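Laboratory data are not the source of any read-out in this text; all were calculated from the coordinates shown. This one's a predicted model, so the numbers in the text were calculated from it and none came from an experiment. All Cβ positions, glycine included, derive from the backbone under ideal geometry; neighbour counts span all protein chains shown.
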Amino acid sequence: MWLQEVDYPQLARLVELGIARGLGMYPIHGYYRKPPDRPGLFLGFAGLSAVSLEKAAELLGECLDRLQGWGRRRPQRGL
């Protein structure tokens, strides 16, 4: 998952928020010799049921909302 509106310091905070909520979120840049211009994540959602996947997506949304300024740029859910 590539994050267009998140910088690397925010990525670290996002991962902290996700881990605190039990999400499997892993920064992609550690797998590059030269980090990409924008951050990205591997999401550990494999093997989840549809209900669990929906809950994990909601938790990820909550984490994104908690990042400073993210809520102003992000469209409302369901649009």
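So here's what we get for this one:
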{"read-out": "Size-normalised alpha-carbon gyration radius of the range 1-43, reference 2.2 N^0.38 Å", "value": "1.08"}
{"read-out": "Selection from Gly44, Leu23, Leu11, by position along the positive dipole direction of the range 8-72 (Cβ)", "value": "Leu11"}
{"read-out": "Packing-based ranking, highest mean first, of 17-24, 45-52 given that Cβ atoms within 10 Å are counted", "value": "17-24, 45-52"}
{"read-out": "Cα shape, the range 8-72, gyration tensor, a/c 1.5 rule", "value": "oblate"}
